[in-house]
């Protein structure tokens, strides 16, 4: 009974807007950055061969896009809205199942693996020199021809459109 009176008094004090010192002891809140999230997976660790596989898959999909001005990709960084994430082709995801969980963005100097729900970068795969685009408009030899819209389409899985 004593406890319910205490809860009633604290609730009334909160509603009345009394200073914090009059409300009793302040509850301790754990820092969220140190609390592990059991549903969050660690970023993928891709071997050199797996990175080459990711590059080849992105080149074959012809999904290169211009890196937005002023954007410098960093692990854990947010993906700007100007960047479109694409799902990997099903055969690519079958060969490297970890890719099923991520979208990718094929930019001028790198390929980003993206957590689509949070729009965060989980891996940065640098492009080999022969695929790096030095133009300010993005592109390069791997860009699809603008006259053939069918070739210009990148595969987008149904999940990446959500």
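Every read-out reported here was derived from the displayed coordinates using simple, explicitly stated rules and does not represent laboratory data. Every value quoted in this text rests on a predicted model; they were computed, and no experiment measured them. With ideal geometry, Cβ positions are generated from the backbone for all residues, glycine too; neighbour counts draw on all protein chains shown.
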Worksheet item: Given 10 Å bins starting at zero, what is the percent of C-alpha pairs of the stretch 58-107 in each, up to the one with the largest pair distance?
Response: 23, 51, 25, 2
Worksheet item: If each residue's Cβ is checked for other Cβ atoms within 10 Å, how do 122, 132 rank with the fewest at the top?
Response: 132, 122
Worksheet item: Stretched out fully, how many nm does the piece from residue 47 to residue 119 gain, at 0.36 nm a residue minus the Cα gap?
Response: 23.6 nm
